[in-house]
Amino acid sequence: MAQMNDYMKEHNYPQFVSIQDHYNLIYREDERELFTFAHENNLGLTPYSPLASGRLAHPFGTQITRRKQDLFSEKDKYGKTVDIDRPIIDEVEKIAQNHNISMAAVALAWLKTKVNALIVGATKVHHLEL
């Protein structure tokens, strides 16, 4: 990265300031290397899909019908990890019940301790209400 930054500065290119990554309580792969890289290079982290396409907002198996364009999330993004995702979703549900808050609030609160900002794909005003 240092060589790339030197090259970019030498040619007056804009510097990277943030990384937009897929990250949430279910998908945490970026913690392995990307987070260290970002920290070492003073880069912000702005994850998308903080609620794992709604999986962290509802008890396991009760997700509402998704829009047709979300079929990718259903099969390819999360379909292969259902068995290992369930205990995480169940724990988020338990914490939410114990504190009388929504599952989404639990998932977003956890994520807020890890990153600089979130990209939330709300489609209705009530999706933003806690």
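Only the coordinates and a few stated rules stand behind these numbers; no lab work does. The structure presented is a predicted model; accordingly, all values stated were derived computationally and were not measured. Using ideal geometry, Cβ is built from the backbone for each residue, glycine included, and neighbour counts are taken over all protein chains shown.
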Using a basic spin-label model with each label point 7 Å from the Cα along Cα→Cβ, how many nm lie between residue 124 and residue 40? 4.6 nm
Residues whose built amide H sits under 5 Å from the amide H of residue 18, excluding neighbours closer than 5 in sequence, are 44
Estimated inter-spin distance, residue 17 and residue 60, nm [label 7 Å along Cα→Cβ]: 4.2 nm
What is the distance in Å between the Cα centres of the stretch 87-108 and the stretch 7-39? 28 Å
Protection proxy ranking of 51-59, 86-94, 102-110, 6-14 - average other beta-carbon atoms within 10 Å, highest first: 51-59, 102-110, 86-94, 6-14
